[in-house]
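Each remark here refers to the structure printed beneath this line.
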Amino acid sequence: MYTAYLADTPNGRKIPIALEELDLEYRIRAVDLAAGEQHAPAFQGLNPNGKIPVLVDEASGCALFESGAILFHLAEATGRLMPTDAPGRDTVLQWLFLQAASVGPMLGQLWWFRHATPERDALALARYTRETQRLYGVIDSRLAASRHIAGDGYTVADIAFYPWLATHEELGIAIGDYPRVQDWLQRLGAREAVRRGLQKTTEATRV
Ligand SMILES: N[C@@H](CCC(=O)N[C@@H](CS)C(=O)NCC(=O)O)C(=O)O
């Protein structure tokens, strides 16, 4: 049994999507980011960086933070959503790192400058829009070479990218300019586990 501490954000959504895909037993504990619950000492004990998601394995008591590390752990623990050969695993890790190091931070900044700042900062908007468009282009080119992000098979790399790239409307990104990303989003969005993971996240975090 796992407990997933999260909010209804792109990084939070990854975890129920993976847990559903892997048929693992879990419950969601909502963390109210607007109320600052991520800064509470009890939560900082689980993640000293004060961010969701965190996954606790109730059997061992182990807590893991960083969504990429959590997805990697779940793939390792189940032997699923990750190839078994070394080059295939390296490829998954490579894309997981790109998601955590570039796609999350850049799209996150663009969202913040579009939706959370009291004033419009034209320079920041231009910079993060350009970088976000560039990253959608990187993934679009990648999907010309393989059916999924880390190869032809569906892996945790797809789960890491999906909730971020699905926010294109909020980010003002013309998804038609990235037809392979658009097709991939439609294919993933049709998966039962993706639908269930998103729905359970919304329900469990509703205030
Ligand atoms: N690299 C981290 C990023 C986690 C992250 O930025 N989480 C955001 C929500 S998507 C958060 O907790 N924000 C609250 C805050 O910064 O105070 C991961 O992939 O888990």
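The values are calculated or read from the model by the stated rules, or taken from the named source; none is laboratory data. Quick caveat, the model's predicted, so the values are computed rather than measured. FYI the Cβ positions are ideal-geometry reconstructions off the backbone, even for glycines, and counts take in every protein chain you see. Protein only, heavy atoms only, side chains kept; ligands, DNA and RNA dropped before computing areas. Shrake-Rupley method; radii C 1.70, N 1.55, O 1.52, S 1.80 Å.
Side notes on the structure shown:
- Any pair with Cβ under 7 angstrom, 6 or more apart, that starts in region 33-44 at a residue that is assigned by TED's automatic domain parsing to the domain that holds G12 and ends at one that is part of a loop (DSSP other than H, G, I, E, B) and open to solvent by 60 Å² or more (accessible area, probe 1.4 Å): Q38/K51
- Number of residues in region 172-191 that are in a helix (DSSP H, G or I), touching a residue at least 40 places away in the same chain (Cβ under 8 Å) and either over 15 Å from V138 (Cβ atoms) or open to solvent by 50 Å² or more (accessible area, probe 1.4 Å) (or both): the value is 3.
- Condition broken by Q99, with the remaining ones in (1) of a type in the set (S, T, N, Q); (2) within 11 Å of the ligand (Cβ to nearest atom); (3) open to solvent by 60 Å² or more (accessible area, probe 1.4 Å) satisfied: (3)
- The test for being in a helix (DSSP H, G or I) and either without any contact (Cβ under 8 Å) to a residue 12 or more places away in the chain or crowded, with 19+ Cβ neighbours inside 10 Å (or both) holds for R134.
- Among the residues of region 155-171, those identified as buried (at least 19 other Cβ atoms within 10 Å of the Cβ) and either closer than 23 Å to D90 by Cβ or not aliphatic (A, V, I, L, M) (or both) are T155, V156, A157, D158, I159, A160, F161, Y162, P163, W164, L165, H168.
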